[in-house]
Amino acid sequence: MIIDPSFRRYMEEAIGSENALVAFSAFEEPASVAVRLNPFKGEAGPEGRQVPWSRYGRILAERPVFTLDPLFHAGAYYVQDSSSMFVGHAFRALLKDVARPVGRPFRVLDLCAAPGGKTTDLAASLREAFGDGFMLVSNEVMKARVGILADNVALWGDQNVTVVSDDPSAFAALPGFFDMIVADVPCSGEGMFRKDEEALRQWSEDNVALCEARQRRILADVWPALAQGGVMVYSTCTFNKKENDGNVRWMAEELGAEFLMHEDVVPGMPGVLKTELGYSLVPGHVEGEGQYCSAVRKTSEVEFRQVRAKGQKPSRPGKEAPLPSGVDRLLKTECVIRMKGETVTAVPKNIATDVAMVEQVLHVTAAGCAVGIVKGKNLVPDADLALSLMLADDAFPSVEVDRQTALAYLHRDNVAFSEAPLGYLLVRYRGLPLGFVKNIGNRCNSLHPQSRRIRMDIR
């Protein structure tokens, strides 16, 4: 990889000469591959060495073809750079610094969430800490990416995640609503140059300055939505001080915050470098890519009151089809069942009020879990229901399949289960649900979505 002399000098000033040499050497090596297991789906997945700052993170010896692993399609793990998992570690360490709310769920916003790595990590951490007593709002402003985010959330299976698509300024309509905010903001991407040489060629200090200004706009816009005493975890995948420590200092001075990233956040973590106000992960020192992380606590006063966003109107229920009988028995979680046209959705009862408040002011892509579509007097189960943690164990007859049959199902090839009961069947691989079929005897009609089907050769 050719390193421009101006960028070389810049990196030496940003992280020191020795660290820069380590990073440049790492740029010549292939990127590592890591996954993070889903603890609520049995911790199944590829074997590898544990990521030092992630209990469920695994660094793999080589990159497998994830598309041809049914466990990947079951949401058993998420493919994520190991350095990116450090943000989740910081989040978990800082949970103790936030007061537990009384009479409502713990509310968290993942502000810049696509494709979903940090969202799924936060969801797992929140479920371990609070059970069902949390609400995670996962936001992606780019319309082209929000569908990918919603799909990855559905695969992960946590119904307490609400996916929205809004500019950070829209969250001002929810002042003091969130107990924690994770802001992994768009940046100059210096930590990812090993994976993108074109980005390296296009790098300039002018672009760094533009990123810094954009980041401050984002932080200032979303700041009102953080409760007084709430914590913001701030991260980038770059090295420079302007986008990192500089922005953290700016939050403290201009927005009303105090620093939180103390030494006890990463005791004894190999390769993690302490900056003045946060931590930096540098390729070569760690096996992943570049990452920066810090955090602040909001000290400025704010009181939550719901405000309707400009131009937004309260949603009004339209004409709905009657609910089919027996929907409740499909779910192991107490839910509020809702109809939108012919689609049945379920939102956990303990977050239903909070979801309704969010729906009044934000553009919600997905909330709770899609249960199915009403066809006459019957309910056709939705693919997301199969993957959801709220699916009751005895909701549908199930059939266990081997890897080849699982791949055929995911490929939307014809499969048949002649000895299985007629009607809707839940297809399982190694005990984990993959989706539904309708067994009509000599063949099965697949309910696996076209958008998620395997398109490559499975032989």
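Values quoted throughout were computed directly from the atomic coordinates according to the rules given, and no laboratory measurement underlies them. Every value quoted in this text rests on a predicted model; they were computed, and no experiment measured them. Backbone-built Cβ (ideal geometry, glycine too); neighbour counts: all protein chains shown.
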Reachable lysines, given that their alpha-carbon falls under 20 Å from the alpha-carbon of K340 and they are not under 8 places away in the same chain: K313, K319, K349, K375, K377
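Any chance you could run the full-extension gain for L323 through E400? It's 0.36 nm times the residue separation minus the Cα-Cα distance, nm to one decimal. Display every interim value, and only then the final one.
On the way: separation 77, 0.36 × 77 = 27.72 nm, distance 3.04 nm.
Additional length available on full extension: 24.7 nm.
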Theoretical FRET efficiency, 1/(1+(r/R0)^6), r = Cβ-Cβ of V65 and S300, R0 51 Å, to 0.05: 0.55
The stretch 338-459 - charge dipole about Cα centre, Lys and Arg +1 at Cβ, Asp and Glu -1, debye rounded to 20: 320 debye
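Cut-off is 10 Å between beta-carbons; in what order do D132, D4 appear when sorted fewest neighbours first? Can you show the working numbers first?
Numbers: D132 19, D4 12.
So the residues, fewest neighbours to most, are D4, D132.
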Contact order relative to length of the chain, as percent, for alpha carbon pairs under 8 angstrom and 6 or more apart: 15 percent
Set of lysines with alpha-carbon distance to K298 below 18 Å, sequence-local pairs under 8 removed: K96
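Scan the stretch 358-437 for GluC sites (Glu not before Pro) in coil per DSSP, keeping those whose Cβ has at most 12 other Cβ atoms within 10 Å, and list them by number.
Details: sites: E359, E400, E419; in loops: E419.
Those satisfying the criteria are E419.
Which trypsin sites (Lys or Arg not before Pro) in the stretch 348-403 pass both tests, a DSSP loop state and at most 15 other beta-carbon atoms within 10 Å? Display every interim value, and only then the final one.
Details: sites: K349, K375, K377, R403; in loops: K377.
Those that pass, being in a loop and sparsely packed, are K377.
So for the chain: antiparallel DSSP bridges make up what percent, rounded to the nearest 5? List each step's numbers first, then the result.
Values: 51 of 74 bridges.
In the chain, DSSP labels about 70 percent of beta bridges as antiparallel.
Using 0.36 nm times the number of residues separating I148 and M456, minus their current alpha carbon distance, what extension gain do you get? Walk me through the numbers before you get to the answer.
Working: separation 308, 0.36 × 308 = 110.88 nm, distance 1.89 nm.
Length difference between fully extended and current span is 109.0 nm.
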Nearby aspartates and glutamates by direct alpha-carbon distance to K143 (threshold 12 angstrom, same-chain neighbours under 8 apart not counted): D166, D167
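Run lengths n ≥ 4 of DSSP H only: what is the helix-derived mean residue ellipticity at 222 nm for the chain, with -39500 (n - 2.57) per run over all residues, to the nearest 500?
Numbers: 12 runs with 116 residues, N = 459.
Roughly -7500 deg cm²/dmol at 222 nm, from the helical runs in the chain.
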Cα lying deepest toward the dipole's positive end in the stretch 396-459, options Y409, Y424, V399, charges on Cβ: Y409
Dipole magnitude of the stretch 170-304 about its Cα centre (Cβ charges: Lys, Arg +1; Asp, Glu -1), debye to nearest 20: 60 debye
Angle between the chain longest axis and helix 17-27 axis [Cα atoms, degrees, rounded to 10]: 30 degrees
Nearest-20 debye value, the chain charge dipole, Cβ charges on Lys, Arg, Asp, Glu: 1740 debye
Order by protection proxy (mean Cβ within 10 Å, highest first), peptides 233-240, 244-251, 335-342, 66-73: 233-240, 244-251, 66-73, 335-342
Charge context of Y10, other residues only, Cβ under 13 angstrom, K/R +1, D/E -1: -3
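With contacts defined as alpha carbon pairs under 8 Å and 6 or more residues apart, what's the relative contact order of the stretch 48-151 in percent?
Once normalised by length, the contact order is 23 percent.
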Dipole of the chain [Lys/Arg +1, Asp/Glu -1 at C-beta], most positive-end residue of L260, G133, T299: G133
Among L71, A23, A154 - extreme Cα towards positive end, dipole of the chain, charges at beta-carbon: A154
